[in-house]
Amino acid sequence: MNGLVCLVGPPGVGKSVVSRGLADRYGVEVFRVREFAARVRVLDPASRGVLAVPNPLGWYGDVAVGYCLRRAFLRGWVSACGLVVLEDLPVSVEQMGQVSAVACLRQVPLVVVELTAPDRVLQQRAAATGAGTPAVFVARSARYRRRIGGIRQAAVVRARPYHRVDASGGVDECVQRVWAACGPRLAAGPPEEAQW
């Protein structure tokens with residue numbers, strides 16, 4: 001199965017754990033902007049200006065993400081076949097357009113999966129994993145809430161399937177739900193879309 005799965009959600013919801021579960025269970029490749037940017041900065045010193053260290057809350061800007069997506073998916077750094085999970089992408093409306101354009105140019109389907117969980121679960125998980133200070137968690141959560149509505153709308157406008165999956169249960173259950181949400185859509189193939 002070929003395609004891209006955008007895995008988004010608030011801090012503490014378990015995006016990294018679910019990505020690892022999908023990789024372990026189904027053999028998908030996981031793409032993380034932070035890891036890819038670090039690799040490119042080492043291999044291509046000229047990219048350092050574009051790929052400056054992410055902002056204090058941990059997200060790269062739209063220009064840096066676009067650069068990474070083009071370099072990874074359109075210049076052969078990521079396999080041309082198979083299923084790739086884009087962990088914590090997109091985080092803005094602009095990035096939704098970038099990811100959608102990459103799917104179009106590669107002629108593969110794209111599905112967006114938003115992991116959800118009650119606030120108390122998110123807070124407990126963030127505290128248990130040491131995912132930043134409480135102030136950073138609050139700031140990341142607020143930023144996520146400000147942006148997610150636009151991301152949902154951008155996916156709808158681009159005719160990209162969008163699913164919300166409850167991640168408050170166990171990891172295996174969540175991985176199965178994400179896989180079940182993606183499978184039929186990925187098998188349907190890519191929709192037509194304008195170029196990036």
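Brief remarks follow.
- Between the listed residues TYR60, VAL30, PRO109, the Cα displaced farthest toward the positive end of the dipole of the chain, a dipole computed from Cβ unit charges relative to the Cα centre, is found at TYR60.
- Cα gyration tensor, region 1-95 - rounded (a/c under 1.5), prolate or oblate: oblate
- Prolate/oblate/rounded label for region 84-126 (Cα gyration tensor, a/c 1.5): prolate
- With contacts taken as Cα pairs under 8 Å at a separation of at least 6 residues, the chain carries a relative contact order of 35 percent.
- Shape category assigned to region 109-158 from the gyration tensor of Cα positions, a/c cut at 1.5: prolate
- Hydrophobic, long helices, defined as DSSP H runs whose alpha-carbon span along the helix axis is 27 Å or greater and whose mean Kyte-Doolittle value is at least 0.0, occur in the chain at 134-157.
- If you bin all the Cα-Cα distances of the chain at 10 Å, starting from zero, the percentages per bin are 9, 37, 39, 15, 1.
- What you get for the chain, charging only the Cβ of Lys and Arg (+1) and of Asp and Glu (-1), is a dipole of about 360 debye around the Cα centre.
- Label separation (ALA180 vs VAL63): 4.5 nm, computed from points 7 Å beyond Cα along the C-beta direction.
- Mean-position separation - Cα centroids, region 152-168 and region 20-69, in angstrom: 22
- Using θ = phi - 60° in the Karplus curve 6.51 cos²θ - 1.76 cosθ + 1.60, the 3J(HN,Hα) couplings for region 159-165 round to 6, 9, x, 10, 10, 10, 10 Hz; x is entered for Gly and Pro.
- Secondary structure note: in region 1-157, about 0% of the DSSP beta bridges are antiparallel.
Readers should treat all values here as calculations from the given coordinates under stated rules, not as data from a laboratory. Given the structure is predicted, the values throughout are model-derived calculations rather than measurements. Note that each Cβ is placed from the backbone with ideal geometry, even for glycine, and that neighbours are counted across all protein chains shown.
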